[in-house]
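Have a look at the structure below, then the notes.
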Amino acid sequence: MTPRYLVRTFGCQMNEHDSERIAGLLESDGYVPAEDAGDAQVIVFNTCAIRENADNRLYGNLGHLRPLKEQNPRLRIVVAGCLAQKDQGRIQERAPWVDVVIGTHALPELLDLLRRAEDEGPQMDVREYTEVFPSALPARRDVAHHAWVSIAVGCDNRCTFCIVPLVRGPQLSRPMEDVLGEVRDLGGRGVVEVTLLGQNVNTYGRDLTVPGSGRRSLFAELLRRVDRVEGIRRVRFTSPHPHDFTPDVIDAMAECGSVCEHIHFPLQSGSDRVLKLMRRSYRRARYLEWLRMIREAVPGIAVSTDIIVGFPGETEEDFAGTLDVVREARFDSAYTFQYSPRTGTPAATMPHQIPGDTVQERFDRLVALQESISLEKNEEVVGDTVEILIEGKGRKGGVQGRTRTNKVVHVDGDHASGAFLDVRVVRAHPHHLTGEVAGPASSLHQTRCVREFVAAR
């Protein structure tokens, strides 16, 4: 019987990228995807450690698998990702039916660990350094038209709320020719959109030795070279850090036709005092100045952000500062989070933790404000014709696609995933648009003309 596997992914795009590699490794060993847990011989939870309830969610899911393991002792249960790196042996103490715990730096060892678990019992590998870059591993993607491309792992920042440096380690940039080689291969196999991934993409390359260049970011150069890869029509990236943003990246965004008119630009707080407590090395005035320069260089660009509510010590005045920045910045969308302490981060032990009901009340006010702005921003494009890339079936029939500005558009009809269409926007909602098909998509080469038209208008 052909062995089957099931991978469940929690967390960010980096985890999605790693799950593609986990699936690729298993398929290279003869496994095929399973429909559900009861049909699988290997079940992998690729975990996230960002949120406070991540631990409870993992152990709850593992508890559901215990009866399956008792019925089928040959079932292999794997915990991978950031919680595996953080909790290490604690996972098998709390859930002894787990066969393999594999950290963020050890993905290449997955197949070997599974084989050893067959003969020797539970295995764990949570090494501290990446020896083989995950992107070098085989991948199994669920969609043919889009791919995540990791350009760096880890982070050298020390934001007091963030556990990423603990579970992903310091920044390690991937050699540029390796990145470009993967992108060229993807373009040759029909991928039309890539997203460049890194915990802080705009410090890409600072840890690489470049003769005569010293310590400098290579991210703008990477954008320009990816822009020239045949077959790639859309390039996205996530996420930059406002402190490390540089004018050459703005120039590359403006001049590269395939780089989409969208940027995820994390704010976290609109209070300078809280930003200092967070150890975010910028202040609100500098953030807004960068935003102004980006919008001047790339007319019509959409901006999304991250905001944390209820950071330890946040006062009502601090929170009012966040609301003021949201009103001034007018983000197209925002990922809003209620602060939750993560063991191992400095913020977890800070005084003046905010009561839950206060955090919830502030969070509700922020969401209401941002949703009103998101609706207004989306209403601005009603009547416009936009290019969308079809992503798949819509939740209420028809299909959904995504604009270059990262807005989801629902349209009627049956259109193939990966197809480009021109769509006239007919209705706006806070989180998506509704459109009518206007015809096949315009050529990519019209992108710069469209930008010039918008700027002139």
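Every number here is computed from the coordinates shown, using simple stated rules; none is lab data. Everything quoted here is computed from the prediction, not taken from an experiment. Counting neighbours? That spans all protein chains shown, and the Cβs are built from the backbone with ideal geometry, glycine included.
Explain nothing, just the number: relative contact order of the chain, from Cα pairs under 8 Å at least 6 residues apart, as a whole percent. Please list the in-between numbers first.
Numbers: 883 pairs, mean separation 44.1, N = 457.
After rounding, I find 10 percent.
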Can you put TYR129, TYR282, TYR287 in order, fewest other beta carbons within 10 Å first? TYR129, TYR282, TYR287
Taking amide H atoms as placed 1.01 Å from N in the peptide plane, list the residues 5 or more away in sequence, or in a different chain, whose amide H sits under 5 Å from that of GLN199. GLY154
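Is the stretch 228-323 rounded, prolate or oblate when judged by the Cα gyration tensor, a ≥ b ≥ c being the square roots of its eigenvalues, rounded requiring a/c under 1.5 and prolate requiring a/b larger than b/c? Write out the running numbers ahead of the final one.
Values: a/c = 2.70, a/b = 2.44, b/c = 1.11.
Since a/c reaches 1.5 and a/b is larger than b/c, the shape of the stretch 228-323 is classed as prolate.
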At 7 Å along the Cα-to-beta-carbon direction for both GLN71 and ARG427, put a label point, then send me their distance in nm to one decimal. 4.3 nm
Rounded to whole Hz, the Karplus (6.51, -1.76, 1.60) HN-Hα couplings of the stretch 229-244, x for glycine and proline: 6, 5, x, 8, 9, 9, 10, 10, 8, 7, 10, x, 9, x, 5, 9
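If you take the Cα Rg of the chain and divide it by 2.2 N^0.38 Å, with N the number of residues, what do you get?
Details: Rg = 22.6 Å, N = 457, 2.2 N^0.38 = 22.6 Å.
Expressed relative to 2.2 N^0.38 Å, the Cα Rg reads 1.00.
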Cα shape, the stretch 4-125, gyration tensor, a/c 1.5 rule: rounded
Would you work out which of THR160, ALA416, GLY24 lies farthest towards the positive end of the dipole of the chain? Charges go on Cβ: Lys and Arg +1, Asp and Glu -1. THR160
Step through the residues of the stretch 9-20 one at a time and calculate ³J(HN,Hα) from phi using the Karplus curve (6.51 cos²θ - 1.76 cosθ + 1.60, θ = phi - 60°), rounding each to whole Hz and writing x for Gly and Pro. 10, 10, x, 8, 5, 4, 5, 4, 4, 5, 5, 4
I'd like the distance separating the alpha-carbon centroids of the stretch 1-69 and the stretch 93-132, in whole Å. 14 Å
Per-residue Cβ neighbour rank within 10 angstrom, fewest leading, SER372, SER304, SER281: SER372, SER281, SER304
How much length is gained on full extension from ALA368 to VAL408, taking 0.36 nm per residue of separation minus their Cα-Cα distance? 12.4 nm
Karplus couplings for the stretch 44-49 from phi (6.51 cos²θ - 1.76 cosθ + 1.60, θ = phi - 60°), rounded to Hz, Gly and Pro as x? 10, 9, 9, 9, 10, 10
Taking only the Cα atoms of the stretch 91-215, how large is their convex hull per residue, in Å³? 152 Å³
Counting only residues 5 or more places away or on other chains, whose amide H sits under 5 Å from the amide H of TYR204 once H atoms are built in the peptide plane? LEU218, PHE219
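How much FRET efficiency would the formula 1/(1 + (r/R0)^6) give for ARG116 and GLU177, where r is the Cβ-Cβ distance and R0 is 45 Å, rounded to 0.05?
E between ARG116 and GLU177, to the nearest 0.05, is 0.85.
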Pull up all non-local amide H partners of VAL7: gap of 5 or more, or a different chain, and H-to-H distance under 5 Å with H placed in the peptide plane. VAL44
Give me ASP119, ASP207 sorted ascending by neighbouring Cβ count inside 10 Å, so fewest comes first. ASP119, ASP207
